[in-house]
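Report on one structure; see the data block that follows.
Values in this text are rule-based calculations from the coordinates and carry no lab data. As the structure is a computational prediction, the values presented were derived from the model and not from experiment. Every residue, glycine among them, receives a Cβ derived from its backbone with ideal geometry; neighbour counts consider all protein chains shown.
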Amino acid sequence: MANRGYIVCAECGLVSSREYVLPSYQMNEDQSGRKSEASVYVSLGNRMHIVDGLGSYIGFHNNRFFRDVHGHGLSGKMQKKFKRLKTIYSTRIRIGKDEAKYRALRTLNHVSKLLMLSEQVRDRTAYLYKKVVSESPEKITNNILLMAVCLLMAIREFKDGAPITLDEIADVFAKCGHRVNVRAIVREALKLKIVTGHSPEIRKPEDYVPRVISMLVNDSRVISKVETRGWNPQTYENLLRKKMFEVIGMISSSKRGGRNPFIFTVSVAYASDHMIAEECGKRSVLTQKLASKATKVAEYSIRDHYGMIKSVIEEQESTVQSIVSS
């Protein structure tokens, strides 16, 4: 049975393990009378994405000018005193023996801002990191690399809510001055799966459809060609989204093989643009060069993926025609 965050034997009372739940809050009353499994309770000052101490801060987090209860500024002597106390509390005393964890979580906050991730993805990453650190039977030697793997796991869990690629994760950690690359992340993820049983989910092309469409319709050159071809931008976006999901559904995982899902989705957008243009009797909007510039994917990659997509679609169309004719 579960009791105060622990799994406890109902007969002898022996604690077997910790109970981990999703880091979310229940803001309203449960009408069904059942306790929400996603409810968590935290002490004041204990936040998921940073190493906090108990209690509250002296003033606001980044405040360097202090006032009394009536809002009046303190004297110079008292300002100096509270500034010294706040500095001491905000560093060694508050961090204690968690300096490595503190630096890893600080890096996570910086990376989250650069990737423009939501607070939910950031907090989920911090939760997974703390969970792995507490459960791992081996000592963690590279906290930054572990944080990159946990970020990958959180991003994969949110699917199209956080369509970030593995290459982008490695690049942003490298920009922050850390020796993190794709090969190291994959190696650590496999090691993590062996030790704890946790592993990132495989990304599907469907997860990248919203991002690819956003990159295309927010490119001024694409919108200019859309309007030149006589399309309404909103109508074109809706038709392209619908056709992309249709094309992805036509190509099985075995046909795609080990292709990069993001590059594959960009190629699907290029193929879908040609298909809806033919169906509507208009000229196509996207060229391989234009799609490449809008999505930062190499032209030769789009060309290679498109060749496979076109052959699969033509094969299915010929099969359907032969069935209808017979």
Contour minus end-to-end for R103 and C176, with contour as 0.36 nm per residue of separation and end-to-end as the Cα-Cα distance?
25.1 nm
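With Kirkwood's inverse mean 1/r over C-alpha pairs for Rh, give me the Rg to Rh ratio of segment 104-262, two decimals please.
Using Cα coordinates only, the ratio equals 1.05.
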Sorted on mean Cβ neighbours within 10 Å (highest first), peptides 99-108, 157-166 come out as 99-108, 157-166
Within the set K204/K255; K113/K175; K255/K296; K204/K242, which residue pairs have Cα atoms separated by over 21 Å?
K255/K296
Within segment 139-168, find all residues whose amide N lies under 15 Å from a label point positioned 7 Å from the Cα of R187 along Cα-to-beta-carbon.
141-146, 149
Ranked by Cβ crowding within 10 angstrom, fewest neighbours first, how are S253, S214 ordered?
S253, S214
In whole Å, how far is the Cα centre of segment 107-123 from that of segment 217-246?
30
In nm, the gap between the two label points placed 7 Å beyond Cα toward Cβ at L114 and T141 is 2.5
At a Förster distance of 56 Å, what's the computed FRET efficiency of T87 paired with M250, Cβ-Cβ distance as r, to 0.05?
0.35
Please work out how much length the chain gains when fully extended from C12 to K80, using 0.36 nm per residue of separation minus the C-alpha to C-alpha distance, in nm with one decimal.
18.9 nm
Among 265-271, 184-190, 74-80, 168-174, how do they line up from the highest to the lowest mean number of other beta-carbon atoms within 10 Å?
265-271, 168-174, 184-190, 74-80
Need one number: convex hull volume per residue for segment 99-196, Cα atoms only, in Å³.
88
